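> Provided herewith is a single structure, encoded as structure tokens, for subsequent inquiry.
Quick note: the coordinates plus some simple rules give every number you see, no bench work behind them. Treat the numbers as computed from the prediction; the structure is a model and nothing was measured. A quick note on method: Cβ atoms are made from the backbone with ideal geometry, for glycine too, and the neighbour counts reach across all protein chains shown.
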Amino acid sequence: MTEKLILSRRRLIRAGAVGAGGLLLTGCDRLFENAAFRSVLESGEDLHMATQRALGRDALAREFSVHEMSPVFRANGSREGSGEAYKSQLAQGFADWSLKVDGLVERPLAMPLDVLKALPLRSQITRHDCVEGWSAIGQWRGPRLAHLLDLARLKPQTRYIVFHCADVLHGHPYYESIDLVDAFHPQTILAWEMNGRPLEEKHGAPLRLRVERQLGYKHAKFVTRIEARSSLEGLYGGRGGYWEDQGAYAWYAGI
Amino acid sequence: MSVGQPECDSAAPDRPRGGALVRRHRLSTRVWHWVNAVTLLVMLMSGLMIFNAHPRLYWGEYGANFDEPWLKIGTLRNTRTGEDSGFLQVGSRRFDTTGVLGLWKDAEGRERRHAFPYWATIPSQYSLSVARIWHLAFAWVLALGLLFHLLWSLINGHLRRDIHVTRAEWNPRHLWHEIWRHARLRFPTGAAALRYNSLQKLSYAGVLFILLPLMIVTGLAMSPATDAWAPIVTEAFGGRQSARSVHFIAAFLLIAFFLVHIVMVVLAGPFNEVRAMISGNYRLPKEKGE
């Protein structure tokens, strides 16, 4: 009798657990489809950004020594640029390639790579944190983004700096954006050199953005054009970046 | 029940006897318990989905595909038979986990190759970005909930009265006695059942003061923004990948706590125990001969 009771109780608990698990699962998936619930969850991102900015607006990312570097720096995402124009420039070592800086600027720029290389450089050994969870430490060298923006002279209504890229992922051009706090951060550079060599194609030749206090997908590769904007609306999906538009990734990727 | 009232006081003149219905958990404890239970479940399941994006763990500051993981979940193909299998590798030891980890069938019977299966993750279908939205939103509930619960428990005396492990309870002979009683499933009765025993106190204190704070701190240690203004957090664990490993280990220690917790509730009388945590009413187990 007791044995039977225990058995049925056990069975009941087990059925309950499986049932509750199933309900919870479909419940969570369903709940997320609710726009109001989802927007409450997504507001967690705003709270993270506000907190991080309050506690470390100007903080510098940690820098490492040469012997702390990853033996091999993994490349992922787009490993090659797209289009005939990019391929021929790559073949010529980007000899007649130039970086455009336009949008809300007083003086639009078209800066050839050798001019860009002649700008004052910053060199930093930093840890690259991918949203997937892995990290790699590498050395990056290039001019500060702030230097270029000062040369182009931002108009006062500028709030975002957008990076247009030469790679296309799943039929959509890659792009990214950051705000002015990150744009003028001393460690935000346009790297044309990595680990002591010109940037390889798989790492985004000729230029890759380094925005050290955010996750890897913000570090746009194959940068060809920098655009100053007052809003991200009306630009591709309107969420400020390829992964933000295509995959619901957070625009602020400091967490 | 007013919040400032003691949860249990065996020294009270009208000492409650076995069989009596008494007030057990105060409101703040009950609310936090259930909010935290839901939060931890969401954190765990969304965390497992995040892990699926890179199912390897490393020690040190960096770690990616070219580096040696200490733990790895994946899929293997047997070159002779052509059959696939799922595996969990810890150090150099490899375990076949086909059906559960690395290779499993989803609700529609399709073969999947992610580390953790659909029934253990939020969302149930692979999505790193959606899992991150859940995880990083509920992280606020976990952290602020724990902070306020600890502060309130300090103010209302819950920590001092119910969780504080006394000098006598730290005595190894006393602890050994309690372990022995637990192993023989001898549970306290009468008024003694109103107090947490030493093992209970130790495990609750371990969760409140070690495991939950460890989850929060190792989570923050993985944030590149936090690493800039508080590098000591990441450095304290020996690097970002070490912090990620500790985050994972602490999560599984919490699962272990949860399993033991559930077993104890079931053995002690699930209806009475769950009622006490919902309404606050608890029927004291009868003493022998009562």
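> Report, as a whole number in µm² per second, the diffusion coefficient that Stokes-Einstein gives for the stretch A:155-255 at 37 °C and 0.692 mPa s using the Kirkwood radius over alpha carbon pairs. Write down the numbers at each step before the final one.
Numbers: Rh = 13.8 Å.
The estimated diffusion coefficient comes to 238 µm²/s.
> For a quick check, take a GNM of chain B with Cα springs below 10 Å and name the residue from B:Gly74, B:Gly91, B:Gly47 with the largest mean-square fluctuation.
Most flexible of the set in this elastic network: B:Gly91.
> Another question, if that's okay. With a point put 7 Å past each Cα toward its Cβ, work out how far B:Arg77 is from B:Glu169 in nm, to one decimal.
Between B:Arg77 and B:Glu169, the label points sit 5.7 nm apart.
> Name the residue farthest towards the positive end of the dipole of the protein assembly as shown from the options A:His128, B:Tyr204, B:Ile133, assuming +1 on Cβ of Lys and Arg, -1 on Cβ of Asp and Glu, about the Cα centre.
Of the listed residues, the answer is B:Tyr204.
> Calculated FRET efficiency, A:Gln157 and A:Arg57, Cβ-Cβ r, R0 22 Å, to nearest 0.05? Mind showing how you got there, number by number?
Values: r = 21 Å, r/R0 = 0.97.
Between A:Gln157 and A:Arg57 the formula returns 0.55.
> Here's a follow-up. Strictly over 19 Å apart at the Cα level, which of A:Lys87/A:Lys221; A:Lys100/A:Lys155; A:Lys117/A:Lys221; A:Lys100/A:Lys221; A:Lys87/A:Lys218 would you flag in this model? Each step should come with its number before you reach the end.
Numbers: A:Lys87/A:Lys221 15 Å; A:Lys100/A:Lys155 16 Å; A:Lys117/A:Lys221 17 Å; A:Lys100/A:Lys221 15 Å; A:Lys87/A:Lys218 24 Å.
With Cα atoms farther than 19 Å apart: A:Lys87/A:Lys218.
> Pick from B:Ala53, B:Ala250, B:Ala221 the residue whose mean-square fluctuation is largest in a GNM of chain B, springs joining Cα atoms under 10 Å.
Result for chain B, Cα springs under 10 Å: B:Ala53 fluctuates most.
> Give me the extension gain from B:Val266 to B:Ala37: residue separation times 0.36 nm, minus the current Cα-Cα distance, reported in nm with one decimal.
Values: separation 229, 0.36 × 229 = 82.44 nm, distance 1.67 nm.
Stretched out fully, the B:Val266 to B:Ala37 stretch lengthens by 80.8 nm.
> Another one. Nearest 20 debye, what's the magnitude of the dipole of the stretch B:60-178 about its Cα centre given +1 on Lys and Arg Cβ and -1 on Asp and Glu Cβ? Let's see the in-between values first.
On the way: 14 positive and 12 negative charges, 27 e Å.
Charge dipole, the stretch B:60-178, about its Cα centre: 120 debye, nearest 20.
> Can you list the residues of the stretch A:51-88 with backbone N under 20 Å from a point 7 Å past the Cα of A:Asp102, pointing along Cα to Cβ?
Under 20 Å, as judged by backbone N against the label point of A:Asp102, lie A:82-87 of the stretch A:51-88.
> Grab the DSSP H runs of chain B that are 4 residues or longer, score each as -39,500 (n - 2.57), total them, divide by all residues and round the 222 nm result to the nearest 500 deg cm²/dmol. The partial results should precede the final answer.
On the way: 10 runs with 138 residues, N = 290.
For chain B, the value works out to -15500 deg cm²/dmol.
> Could you tell me which of rounded, prolate or oblate describes the stretch A:63-247, using a ≥ b ≥ c as the square roots of the eigenvalues of the alpha-carbon gyration tensor, with rounded for a/c under 1.5 and, failing that, prolate when a/b is larger than b/c and oblate otherwise?
Working: a/c = 1.25, a/b = 1.21, b/c = 1.04.
Taking the square roots of the gyration eigenvalues as a ≥ b ≥ c, the stretch A:63-247 is rounded.
> On to the next question. Which of A:Ser43, A:Gly81, B:Asn281 sits closest to the plus end of the dipole of the protein assembly as shown, meaning its Cα is farthest towards the positive end, when Lys and Arg get +1 and Asp and Glu get -1 on the C-beta?
B:Asn281
> Starting from a Cα-only point model with no solvent, please compute log10 I(q)/I(0) by Debye for the protein assembly as shown at q = 0.06, 0.09 1/Å.
-0.39, -0.78
> Still on this model: Please compute the alpha carbon radius of gyration of chain B, then divide it by the globular-protein estimate 2.2 N^0.38 Å. Two decimals is fine.
Numbers: Rg = 22.5 Å, N = 290, 2.2 N^0.38 = 19.0 Å.
My calculation over the Cα atoms of chain B gives 1.19.
> Going by a ≥ b ≥ c, the root eigenvalues of the Cα gyration tensor, does the stretch B:147-238 fall in the rounded group (a/c under 1.5), the prolate group (a/b larger than b/c) or the oblate group?
Values: a/c = 3.28, a/b = 2.13, b/c = 1.54.
Prolate is the answer for the stretch B:147-238, as a/c is 1.5 or above and a/b outweighs b/c.
> Residue by residue through the stretch B:191-201, which ³J(HN,Hα) values in whole Hz follow from phi under the Karplus form 6.51 cos²θ - 1.76 cosθ + 1.60 (θ = phi - 60°), with glycine and proline marked x?
Listing the rounded values in order: 5, 4, 6, 7, 9, 6, 7, 4, 5, 4, 4 Hz.
> Relative contact order of the stretch A:63-247, please, whole-number percent, based on alpha carbon pairs below 8 angstrom and at least 6 residues apart. It would help to have the intermediate numbers written out before the result.
Numbers: 387 pairs, mean separation 47.3, N = 185.
After rounding, I find 26 percent.
> For the stretch B:107-214, what does the relative contact order come out to in percent, with C-alpha contacts under 8 Å and a separation of six or more? Intermediate values should be presented prior to the final figure.
On the way: 38 pairs, mean separation 25.2, N = 108.
In percent, rounded to a whole number, it is 23.
> Please work out the C-alpha center-to-center distance from the stretch B:193-228 to the stretch A:173-225 and express it in whole Å.
The distance from the Cα centre of the stretch B:193-228 to that of the stretch A:173-225 comes to 37 Å.
> Now, a different point. Counting each DSSP H run of 4 or more residues in chain A as -39500 (n - 2.57), what helix-only mean residue ellipticity at 222 nm follows after dividing by all residues, to the nearest 500 deg cm²/dmol? All intermediate terms of the calculation are to be shown ahead of the outcome.
Numbers: 7 runs with 85 residues, N = 255.
Computed mean residue ellipticity for chain A: -10500 deg cm²/dmol.
> Counting Lys and Arg as +1 and Asp and Glu as -1, each charge on the Cβ, what is the dipole of chain B about the Cα centre in debye, to the nearest 20? Can you show the working numbers first?
Numbers: 32 positive and 20 negative charges, 174 e Å.
The dipole of chain B has a size of about 840 debye.
> Add +1 for every Lys or Arg and -1 for every Asp or Glu among the other residues with Cβ under 12 Å from the Cβ of A:Phe37, and state the total. It would help to have the intermediate numbers written out before the result.
Numbers: positive: A:Arg30, A:Arg38; negative: A:Asp29, A:Glu33, A:Glu42.
After counting each charged neighbour, the total is -1.
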